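The values are calculated or read from the model by the stated rules, or taken from the named source; none is laboratory data. Model, not experiment: these values are computed from the prediction. We place every Cβ from the backbone using ideal geometry, glycine too, and count neighbours over all the protein chains shown. Ligands, DNA and RNA are excluded from the accessible area calculation, which covers all protein heavy atoms including side chains. Shrake-Rupley method; radii C 1.70, N 1.55, O 1.52, S 1.80 Å.
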Amino acid sequence: MCGIVGHLGPQNSVELVLEGLKRLEYRGYDSAGVSFIDERDVLQNYKKSGKLENLIGFLGEGPFVARSCIGHTRWATHGEVNDTNSHPHSNDQLSMVHNGIIENAPALKSELSSEGFEFKSQTDTEVFLGLMTINLKKGMSFREAVTASFNKVEGNSAFVLIDPDTSDIYAVKRCAPLVCGINEGQSEVLVSSDPYALAGLVDKLYFPEDEVVCHLSSGNKNLLNFYELDGSKTTRYLSKIQDLSAAVSDKGDFDHYMHKEIHEQPELIRSLTHYYFAGEGVPALEKAIKEKPENIHLVACGTAYYAGLVIKDHIEKLNRIHCHAELGSEFRYKNPILGKKDLGLFISQSGETADTLAAQSLCKTNNLKTMSIVNVDGSTLFRDCDSNLLIRAGVEVGVASTKAFTQQVLTGMIYSAAMNGILDNPDRKKDMAAKFSLLAERVDKILSEENKIESIASEIHNYKGYFYTGRGVYYPIALEGALKLKEIAYVHAEGYASGELKHGPIALIDEEMVNVALVGPELYDKTISNIQEIKARKGIIVTIGPRGDEHLKEISDHFIELDFDGLDELSPLYVNIVDQLLAYFIAKFKGTDIDKPRNLAKSVTVE
Ligand code: F6R
């Protein structure tokens with residue numbers, strides 16, 4: 001959700017913080033702001049609603065000389081998007097930024113108002129500013145005030161604060177992402193909500209546990225110190241040397257990150273195959289399959305959940321293990337039936353999604369083994385699970401998830417195959433690797449002919465609504481295809497199991513509705529009858545189906561032909577890449593902000 005960056009050190013802090021915020025802007029872009037201590041030791045606060053470029057324009061020409069700065073990009077939760085509600089929130093005693101939600105803000109607001117604190121914004125964050133201000137007035141040290149204020153707030157949050165008296169920065173969190181980093185050579189220390197912001201700027205990362213106060217200080221012999229809430233020193237953090245510099249990406253020749261990320265998929269498929277079939281991923285895979293679970297509780301949100309539905313199908317078919325696919329936001333509150341020998345399996349690109357993390361924690365509390373299929377190495381999910389399978393998608397900047405979906409599904413299928421012993425059998429292993437390589441080849445081909453999909457998008461981008469339909473393994477792909485379209489093109493789109501349309505939604509079909517029909521080799525005849533039902537009601541039919549199928553060509557208004565031969569269980573992924581391109585080009589014709597769709601943020605760290 002919100003992005004946070006803080007920097008303390010001899011280099012120009014404002015520039016480094018702005019650089020970090022640029023990398024995090026895809027996390028939230030309702031507003032941006034920075035607070036820094038200038039060369040006269042005065043606390044400055046600049047904030048602006050809208051994208052980071054608004055703030056940069058507002059700041060004007062630098063350089064701003066500062067050796068301590070905190071910055072924020074906002075995804076609004078409390079209070080509308082305007083300058084006042086933007087972070088940092090500050091007064092002459094401190095400045096602060098926040099990611100998360102203070103759940104008891106209403107009660108604390110009345111308490112603070114009665115003590116004379118005047119609120120300027122509608123945010124929950126300002127409650128923390130109020131608590132700090134009153135605690136500092138009582139004579140507490142800055143760190144004591146941080147601790148006392150943090151003890152009063154409920155909910156999942158990370159706070160980063162700057163003390164104008166010392167220029168020191170303090171950070172503390174509960175169930176929200178936070179990472180510190182040190183660049184020893186430059187005597188610099190940084191803090192962020194995401195290691196990606198620190199890539200190339202630090203030599204070592206430090207991931208504090210919950211309720212650990214991080215003190216970033218230039219006046220201390222240690223640049224970074226960690227304290228428990230009772231004030232004692234602590235080692236409750238994980239330190240890691242991680243070179244993320246290669247992760248910092250740009251759009252290259254593409255107009256959008258999303259388009260670039262769709263195009264990265266063939267290479268990623270190839271490198272994932274090598275990683276788990278013969279490379280460094282083998283030990284992680286062996287660890288993951290050490291114990292065969294009785295049941296699997298597969299939990300995720302959004303696109304990752306749809307990837308989970310495909311994986312569920314694969315695991316159940318191949319291993320005959322009952323696999324319950326659950327949405328993180330539902331699972332955590334449903335009092336699930338969890339057996340001692342069950343496995344909690346969590347799928348996530350970011351590894352920071354609040355509902356997925358809560359589900360993992362619930363499984364852990366119930367003594368289940370937990371495992372992740374995750375992209376971000378070192379993320380909270382990665383650190384909290386007993387075992388992890390990395391999907392190795394690289395940084396995904398486009399808010400709409402594309403390459404992560406493909407890699408999640410493939411990693412899940414590799415896990416399922418390994419559990420079944422396929423990877424211990426040289427012939428079967430070779431077969432599976434050949435299928436992966438065939439998929440990469442076919443995707444390459446589709447990408448080289450994407451102008452055909454672009455031209456269909458140009459004809460269908462102005463319709464009233466879109467139904468994505470599919471049966472069996474194509475049903476989750478229909479759900480994912482519709483999600484992709486609605487989030488980036490801002491049109492109503494729904495994914496349906498083809499056979500379900502006649503149970504209600506078919507009432508919506510008329511000449512203004514498009515049906516994107518996903519037709520693979522499985523359940524072919526049944527799917528065709530469902531298309532006929534829509535055609536009879538004048539719906540516009542866009543079919544993604546087997547090459548050379550004359551019948552499909554005849555009944556469709558637009559036909560995207562695919563070569564399914566030899567792909568077997570990988571076919572749904574192939575179809576999904578066409579869905580990604582279709583959504584991308586429709587959104588492009590509509591002129592939306594594809595990489596930063598309205599109201600969204602890349603990583604959903606609030607409930
Ligand atoms: C949609 C999308 C979201 C995420 C969901 C889970 O394109 O990106 O639906 O899939 O918010 O996020 P992660 O995978 O980070 O847990």
Give me the accessible area per residue for region 3-248, probe 1.4 Å, as a whole number in Å². 38
Nearest-0.05 FRET efficiency for residue 38 and residue 187, computed from C-beta distance (R0 22 Å): 0.65
Given charges at Cβ of Lys, Arg, Asp, Glu: the chain dipole, positive-most of 272, 425, 35: 425
Could you list the residues of region 74-106 with an amide nitrogen less than 20 Å from a label point located 7 Å from the Cα of residue 137 in the Cα-to-C-beta direction? 89-96, 105-106
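Once the piece of chain linking residue 550 and residue 464 is laid out straight, how much longer is it, given 0.36 nm per residue of separation minus the C-alpha distance between them?
Details: separation 86, 0.36 × 86 = 30.96 nm, distance 2.82 nm.
Taking 0.36 nm per residue and subtracting the Cα distance, the gain is 28.1 nm.
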In sequence order, what are the phi-derived ³J(HN,Hα) couplings for region 509-518 according to the Karplus relation 6.51 cos²θ - 1.76 cosθ + 1.60 with θ = phi - 60°, rounded to whole Hz, with x for glycine and proline? 6, 8, 6, 9, 10, 9, 10, 8, 9, 9
Just reorder 415, 227 by solvent-accessible area, largest first, 1.4 Å probe, all chains present. 227, 415
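How large is the charge dipole for the chain, taken about the Cα centre, if only the Cβ atoms of Lys, Arg (+1) and Asp, Glu (-1) carry charge, to the nearest 20 debye? Walk me through the numbers on the way to the answer.
Details: 63 positive and 86 negative charges, 194 e Å.
Computed about the Cα centre, the dipole is about 940 debye.
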Please give the direction-averaged projected area of the C-alpha convex hull for region 194-308, in square nanometres with one decimal. 12.3
Please give the length that would be gained between residue 152 and residue 593 if that part of the chain were fully extended, namely 0.36 nm times their separation in residues minus their C-alpha to C-alpha distance (nm, one decimal). 154.8 nm
For region 3-248, what does the alpha-carbon gyration tensor say about shape, rounded, prolate or oblate, given a ≥ b ≥ c as the root eigenvalues, a/c under 1.5 as rounded, and a/b over b/c as prolate? rounded
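How large is the dipole of region 3-248 about the Cα centre if only Lys and Arg carry +1 and Asp and Glu carry -1, each at its Cβ, rounded to the nearest 20 debye?
On the way: 22 positive and 33 negative charges, 45 e Å.
The dipole magnitude comes to about 220 debye.
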log10 I(q)/I(0), Debye, Cα-only region 9-89, no solvent, q = 0.13 Å⁻¹? -0.35
Mind listing the phi-derived Karplus ³J(HN,Hα) values for region 74-85, rounded to whole Hz, using 6.51, -1.76 and 1.60 with θ = phi - 60°, and x for any glycine or proline? 9, 10, 4, 10, 10, x, 5, 7, 8, 4, 5, 7
What distance in nm lies between label points placed 7 Å from Cα along the C-beta direction at residue 61 and residue 82? 3.3
Let me check I have the definition right: for region 250-447, take the eigenvalues of the Cα gyration tensor, multiply each by 5, take square roots. What are those semi-axes in whole Å, largest first? 26, 21, 13
Would region 450-590 count as rounded, prolate or oblate if I go by the C-alpha gyration tensor, calling it rounded below 1.5 in a/c and otherwise prolate when a/b exceeds b/c, oblate otherwise? rounded
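Please report the antiparallel percentage of DSSP beta bridges with both residues in the chain, rounded to the nearest 5. The partial results should precede the final answer.
Details: 59 of 100 bridges.
Once the DSSP bridges in the chain are tallied, antiparallel ones form about 60 percent.
Is it possible to state the helix-based mean residue ellipticity at 222 nm for the chain, with each DSSP H run of 4+ residues giving -39500 (n - 2.57), the sum divided by total residues, to the nearest 500 deg cm²/dmol? What is it?
So the helix-based figure for the chain works out to -11500 deg cm²/dmol.
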Within the chain, which DSSP H helices have Cα atoms that stretch 20 Å or more along the helix axis and a mean Kyte-Doolittle hydropathy of at least 0.0? 403-419, 474-489, 571-590
In the chain, if the dipole is taken from +1 on Lys/Arg beta carbons and -1 on Asp/Glu beta carbons about the Cα centre, which of 78, 242, 354 is farthest to the positive end? 354
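Working from the pairwise distances between different alpha carbons, so that the mean of 1/r is found and then inverted, what is the chain's Kirkwood radius in Å? Intermediate results must be reported in sequence, preceding the final value.
Working: mean 1/r = 0.0393 Å⁻¹.
Result for the chain stands at 25.4 Å.
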Listed residue (456, 485, 467) projecting farthest to the positive dipole end of region 440-489, Cβ model: 467
Compute the distance from the alpha-carbon center of region 110-146 to that of region 290-361, in whole Å. 41
Once 51, 464 are ranked on solvent-accessible area with the largest value leading and a 1.4 Å probe, the list reads 464, 51
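Would you calculate the convex hull of the Cα atoms in region 331-487 and tell me its volume per residue in Å³? Let's see the in-between values first.
Working: hull volume 25.8 nm³, N = 157.
Dividing the Cα hull volume of region 331-487 by its residues yields 164 Å³.
For region 46-115, state the average projected area of the convex hull of the C-alpha atoms over all orientations, rounded to one decimal in nm². Could you put the intermediate results ahead of the total?
Working: hull surface 23.9 nm².
Mean projected area of the Cα convex hull: 6.0 nm².
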